[in-house]
Amino acid sequence: MVICVCKIFFSIDSAFSLKEKRQVIKSILAKVKSRFNISIAEVDYNDSWKNSLIAAAYVSNDSKHADSMIAKMINFIESDKRAVLIDYTTEIIHFDNI
């Protein structure tokens, strides 16, 4: 079993309140969940107007497939112009079968 975890740091320049920021983040999270079937949530900078850190996880039996799905998700998020993707990191965790 393989778990691919990704942390994504955003800047939302168009947001001038927490409400505006949360609308953008909520929309992006919903689109990613429905399109890629990836678990994703905002995990830090909850009280910041301009920044957000989200984490995503994908489980697969093949590390190449998991890495490919995360890369497609990153490309999809980058194409959304409401938030600027500043940085991201990925990690692949391998678990032996029980």
## Note on the structure
Checked pairs for the stretch 9-20, first of a type in the set (Asp, Glu), second outside any loop (DSSP other than H, G, I, E, B), C-beta under 8 Å and 6 or more apart or across chains, list as Asp13/Val84
### Task
Confirm whether Val43 is touching a residue at least 12 places away in the same chain (Cβ under 8 Å), within 11 Å of the chain's Cα centre (by Cα) and loosely packed, with under 14 Cβ neighbours inside 10 Å.
yes
### Message
Taking the conditions exactly as written (within 21 Å of Val24 (Cβ to Cβ) and at pLDDT 90 or above), does Lys81 satisfy them or not?
### Response
no
### Message
Being under 30 Å from Phe95 (Cα atoms), modelled with pLDDT of 90 or more and of a type in the set (S, T, N, Q) is the requirement here; does Asn51 meet it?
### Response
no
### Task
Collect the residues in the stretch 22-40 that are of a type in the set (A, V, I, L, M) and surrounded by 13 or more Cβ atoms within 10 Å (Cβ to Cβ), keeping them in residue-number order.
Val24, Ile25, Ile28, Leu29, Val32, Ile38, Ile40
### Task
Determine which member of the set Ala66, Ala56, Ala83 is without any contact (Cβ under 8 Å) to a residue 60 or more places away in the chain and either buried (at least 17 other Cβ atoms within 10 Å of the Cβ) or under 11 Å from Ile8 (Cβ atoms) (or both).
Ala56
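The values are calculated or read from the model by the stated rules, or taken from the named source; none is laboratory data. Values in this document were obtained by computation on a predicted structure and should not be read as measured data. For neighbour counting, all protein chains shown are included, and Cβ atoms are generated from backbone atoms with ideal geometry for every residue, glycine included.
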